[in-house]
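First comes the structure, then the notes that go with it.
All of the numbers you see were taken from the coordinates with simple rules; none came from a lab. This one's a predicted model, so the numbers in the text were calculated from it and none came from an experiment. Cβ placement follows ideal geometry from the backbone for every residue including glycine, while neighbour counts extend to all protein chains displayed.
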Amino acid sequence: MSPSASAPLEPSVEVLDVIGVGFGPSNLALAIALAEHNLGGRKLTARFIERQERFGWHRGMLIEDATMQVSFLKDLVTPRNPESPFTFLSYLHSRDRLSDFINYGSVYPSRLEFHDYLEWAAAKFADQVDYGSEVVAIRPVRRADGLVEHVEIQARDALGDVTTHRARNVVLATGLTPHLPAGVTPGERIWHSHDLLRLAPKLIGTGPERAVVVGAGQSAAEVLGYLHTALPDTEVCAVFARYGYSPADDSSFANRIFDPVAVDEFYTAPDAVKARLLDYHANTNYSVVDPELIDALYRRHYHERVAGRERLRFLNMTRVTEVAQVGDRVELAVESLVDGSVEVINTDLVVYATGYRSSDPDALLGDFGVSWDRDAAGRLRIRRDYRVATAPEVLAGVYLQGPTEHTHGISSSLLSNVAVRTGEIVASISAAAVDQDRQPVGRPTAPAAR
Ligand SMILES: Cc1cc2nc3c(=O)[nH]c(=O)nc-3n(C[C@H](O)[C@H](O)[C@H](O)COP(=O)(O)OP(=O)(O)OC[C@H]3O[C@@H](n4cnc5c(N)ncnc54)[C@H](O)[C@@H]3O)c2cc1C
């Protein structure tokens, strides 16, 4: 059934306070913040819709020795409420690993362990989440006077059946979308890094001669190391435009850009200053690699040179100009940025570790959001409380977690600020609900612009 063909709603369908679209770490943190709010404040009802069949955080990149890029103290709750039962420390305690973790001696757990923490927390909200259900549209429900007090959220399950939910607020936390260069189509032998662990087991043991990894960021370096270990007889080549990998800046002063207070400062800064800050501090997150991983890769490379058997090759200052799958091989044209010469590499596999883009809220909002206030680049204007500046007749709240880097800064798509951000969103939704309760029937408050 197409979304627009969904059955008309029964008048009795409950209007929830919140529907969360996506149930990754951001909306998981929101579920916790709502639950903790409900212990004291006006109760807010919520439901979450997640297209994966079960909870999963970048499963395709849960490489065994990969570590978090953020301190465990920036978990789902601690910066907002260190007394919460959902802290990483509570998780460790419940797994009987607190002492072992202390002895581990690092604030950066493995990604596998952090995933287990997230799953542990998500399991406690299982009854609030529709897994295996993808939100395909968000539509206004207009009253006779044109006001939109709530929205309809249409979700489609694996069988194609569409369910319609109603909510006074919708919180979009749909995460990142894998990015491939223009003209590249993924296939059996051409992957994006986010599919690594889903697809690699099919290749391991089949004796591939060569694998190529495109990119020079954290994922690219991790994929290179992984393939080099998992395919012990395979030549593994890195293709990137830089001279070498650049280290991620996680020094103390630079790290402050991820602090909750930095969001306030960024939000109020003039646009030119925002652009400059994003530029200055891009090397805390984008196209950079954890220095320990750079050292480890370099040592592997050097040891191979000493041993006289080089499997790890670095085609630096190059770019891929063409890629084509031919049977079960891939032909890759790699151009030297130094002299323009082109080498055609015949390989069994190409992994594009070419990053991600924030998912676009307009894709779900469709015509609903067309008339809303935009910046010069056509992006939705977002208030400090992460609420989209909707048209005046829209009283329902549309909140964004993730695609707010242009307004709220570099932590928007990361984990650093999920605890505080979701607390702010809950406070905003709760304040609007209290306002609404105070209004005589038929006279709702218009949302104040901030
Ligand atoms: C490999 C990798 C490692 C990373 N490591 C770190 C790190 O160490 N530290 C850090 O701060 N950041 C890290 N990041 C950045 C990452 O963005 C955050 O860790 C985190 O995933 C953000 O959480 P989220 O819930 O906003 O988005 P996501 O985790 O992407 O979750 C979004 C969810 O929404 C679901 N969804 C999307 N569209 C729909 C729809 N229409 N209907 C229903 N469900 C939908 C998706 O299935 C997904 O489960 C990493 C990113 C990657 C790719």
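Assorted remarks:
- Evaluated at q = 0.11 Å⁻¹, a Debye calculation over the C-alpha positions of the chain (equal weights, vacuum) places log10 I(q)/I(0) at -0.96.
- Averaging 1/r across all pairs of distinct Cα atoms in segment 62-158 and inverting the result yields a Kirkwood radius of 16.5 Å.
- Entry note, the chain: relative contact order of 21 percent, from Cα contacts under 8 Å with a spacing of 6+ residues.
- Computed per residue of the chain from DSSP H runs no shorter than four, each worth -39500 (n - 2.57), the mean residue ellipticity at 222 nm is -8500 deg cm²/dmol.
- Relative counts (whole %) of C-alpha pair distances in segment 294-355, using bins that are 5 Å wide: 4, 15, 18, 19, 21, 17, 5, 0
- Take 225-236, 365-376, 397-408 and order them by the average number of nearby Cβ atoms within 10 Å per residue, most first; the result is 397-408, 225-236, 365-376.
- Debye intensity ratio I(q)/I(0), log10, segment 334-429, q values 0.22, 0.25 Å⁻¹ (C-alpha model): -1.20, -1.45
- Using θ = phi - 60° in the Karplus curve 6.51 cos²θ - 1.76 cosθ + 1.60, the 3J(HN,Hα) couplings for segment 152-159 round to 9, 10, 9, 10, 10, 8, 4, 8 Hz; x is entered for Gly and Pro.
- From the alpha carbon centroid of segment 27-90 to that of segment 217-292 is 23 Å.
- Fewest-first ordering of Lys43, Lys202 by other beta carbons within 10 Å of each residue's beta carbon gives Lys202, Lys43.
- Segment 45-160, relative contact order [Cα under 8 Å, separation at least 6], %: 36 percent
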